[in-house]
Amino acid sequence: MKIKNLAVLFAALGTTAGVVSCGGSKPEISIYVGAETVAFYKKATSQFLKENSGFGYGIRVVAADAGTIAGTMIADNTQCADIITVAHDNIGKLAEKNVIRPIIGEDLLNQINSDNPEGYLTVIKAKQVIQGQTYTYTYGVPYISQCLYLMYNKDAVTAEQAKSFEGLREAALAYRVANPSKPNAVGCTVTGTSGFDFSFTLLARNNETKATSMLMYKDLEKLQCYAQGDDSVANVRWAQRSFKDGTLDWPNSSGFATMMSTGSALGVITGAWNYNAVVSALGSDSKVGVAMIPTYTLTSDDVDGTTVEAGTVMRGGSFTDCKAFVINAASSRSKYDAEQQLLKYLSSKEVQNQSFEEAMNIPAYAGSLDYIETIKDKISAQAYEIAKVHEEMKEYGIPQPFVNATYNNYYYQAGGPDLYKNAIINQVDVRGVREMLFRLEYTWKWGSSTLDKLVIPDVLPGDTNTKAS
């Protein structure tokens, strides 16, 4: 990395106006974090200031929605905090829009590179073209790990039943008998129908081999996508059956929490960020069970028309992601070094460990479960199980590979999630599933602008049936 190239990059970032404090004589650095962790990070930053009396800045911690803040930043980053929390899949598009700054502090970069797993190190970077040359910079500072897993009602589902979707269905059918006013209770729901909230079947893997034919921007290459494997077909067919037989249901207009509180659903596929919502829905944390996304066994009907063997056991998969701090390009350049010093502290293993103990934030650094094992007797059973589940789900997941705006938009905004969901809702046949997956793969590679001109081949990969007339 050459300093002159950074100078050109900074010039391209434009404005240097910063978010300023209201009142007080000391300049201020403001930070956006999730509402559920504001109290902890106020405490952590207060401790930082005690340990660094000559820091020179006050610190203001503000609640913000990490799921929507990227859009706010792109619309007008001058109205946002100096340091922002984002899900890592937003980093690429924020860098492309020049609304965040790269991390260049040697101490912070060394900590990032030494502490984090390889998967995170890849997705916190973005490319910039400067005077015809392409450079890769680190933009994100990982500090929270997140993935999908199962939360369930322990009053209605046993730990053994929670291991499989068949067990969840069994629990739901028994619940219907015991509660005649709930004749349509299901074993599990999801938090939404987006490409993240409902992704566990798309990302499912063989439970024994952990294999999947599905490729999504492999090696971060645009055309390294594949969604047409026979296992992908069988997963959709399983989902079609499961949304009819009491295993699964979509969230209703009242949301997953209401479904949990009323007994309409006995479990939900979600993440730690919704733990408090599930506790509130069930009335007590003692009623909340946590487990890996369950397994499911493919039947002869599920695999009909494919090469997958009946009886194959799959496990639902997950995006295994990180939340990261990024530096707002609209923050004053005079704060740059201080911001990186602060981020080094907030993303340190010690503070991540404290954040887990006090706010249930799963650490992002590699090997964090080793530390959590040492405090197992000091934390709640749920906290320990959640941390353990996160570690286990990493074997069945991938970090979202959306390292630029194109990949992110093609996956989320080009209609792919609706294609997938509608094939399940409409109970399309095997040929229809293959056609949907063909279109889905096309949108990942090329978006939706030419989808209406796409010609479906007479014979699709794995398909021996001719195209319907």
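The values are calculated or read from the model by the stated rules, or taken from the named source; none is laboratory data. This structure is a prediction, so every number in the text was calculated from the model and none was measured. Ideal geometry is used to build each Cβ from the backbone, glycine not excepted, and the neighbour counts take in all protein chains shown.
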Selection from region 118-159 of residues more than 30 Å from residue 264 (Cβ to Cβ), without any contact (Cβ under 8 Å) to a residue 40 or more places away in the chain and not aliphatic (A, V, I, L, M) yields 118, 132, 134, 136, 138
The number of residues in region 102-148 that are part of a strand (DSSP E or B) and surrounded by fewer than 24 Cβ atoms within 10 Å (Cβ to Cβ) is 13
Considering residues that are out of contact with any helix residue (DSSP H, G or I) (no Cβ under 8 Å at 6 or more places or on another chain) and not polar (S, T, N, Q), the number found within region 145-168 is 3
Against the condition in the same structural domain as residue 440 (by TED's automatic domain parsing), at pLDDT 95 or above, farther than 24 Å from residue 166 by Cα and not in a loop (DSSP other than H, G, I, E, B), how does residue 280 come out, does it pass?
yes
Quiz prompt | So residue 89, is it touching a helix residue (DSSP H, G or I) at 6+ places or on another chain (Cβ under 9 Å), at pLDDT below 95, charged (D, E, K, R) and in a helix (DSSP H, G or I) | solution = yes
> Is it true that some residue in region 297-315 is out of contact with any Asp or Glu (no Cβ under 8 Å at 6 or more places or on another chain) and closer than 30 Å to residue 91 by Cα?
Replying inline: yes
Within region 198-240, residues in contact (Cβ under 8 Å) with a residue 24 or more places away in the chain, part of a loop (DSSP other than H, G, I, E, B) and within 23 Å of residue 271 (Cβ to Cβ) come out as 198, 199, 200, 201, 202, 203, 204, 207, 210, 212, 216, 217
Exactly one of 92, 67 is more than 22 Å from residue 137 (Cα to Cα) and either without any contact (Cβ under 8 Å) to a residue 24 or more places away in the chain or crowded, with 19+ Cβ neighbours inside 10 Å (or both), and that residue is 67
Scanning region 345-359 for residues that are in contact (Cβ under 8 Å) with a residue 60 or more places away in the chain and assigned to a helix (DSSP H, G or I) gives 345, 346, 349, 351, 352, 354, 355, 358, 359
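Just one of 84, 103, 59, 69 is under 22 Å from the mean Cα position of the chain (by Cα) and modelled with pLDDT of 95 or more; which is it? Before you say what the answer is, go through the steps one by one.
Values: 103 fails: under 22 Å from the mean Cα position of the chain (by Cα); 59 fails: under 22 Å from the mean Cα position of the chain (by Cα); 69 fails: modelled with pLDDT of 95 or more.
Testing whether each residue is under 22 Å from the mean Cα position of the chain (by Cα) and modelled with pLDDT of 95 or more leaves just 84.
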One residue is enough: does region 290-301 have a residue meeting the conditions assigned to a helix (DSSP H, G or I) and either surrounded by fewer than 21 Cβ atoms within 10 Å (Cβ to Cβ) or hydrophobic (A, V, I, L, M, F, W, C) (or both)? yes
Among residues of region 149-169 being touching a Gly at 6+ places or on another chain (Cβ under 7 Å) and in a loop (DSSP other than H, G, I, E, B), the residue nearest to residue 274 (Cα to Cα) is 154
The one condition residue 369 fails out of (1) surrounded by fewer than 21 Cβ atoms within 10 Å (Cβ to Cβ); (2) in contact (Cβ under 8 Å) with a residue 24 or more places away in the chain; (3) not in a loop (DSSP other than H, G, I, E, B) is (2)
Every listed condition ((1) touching a helix residue (DSSP H, G or I) at 6+ places or on another chain (Cβ under 7 Å); (2) at pLDDT 95 or above; (3) not hydrophobic (A, V, I, L, M, F, W, C)) holds for residue 37 save (2)
Residue 391 fails exactly one of (1) buried (at least 16 other Cβ atoms within 10 Å of the Cβ); (2) in the same structural domain as residue 209 (by TED's automatic domain parsing); (3) closer than 24 Å to residue 295 by Cβ, namely (2)
Checking 420, 345, 336, 410 in turn, the sole residue that is over 30 Å from residue 137 (Cα atoms), hydroxyl-bearing (Ser, Thr, Tyr) and modelled with pLDDT of 95 or more turns out to be 420
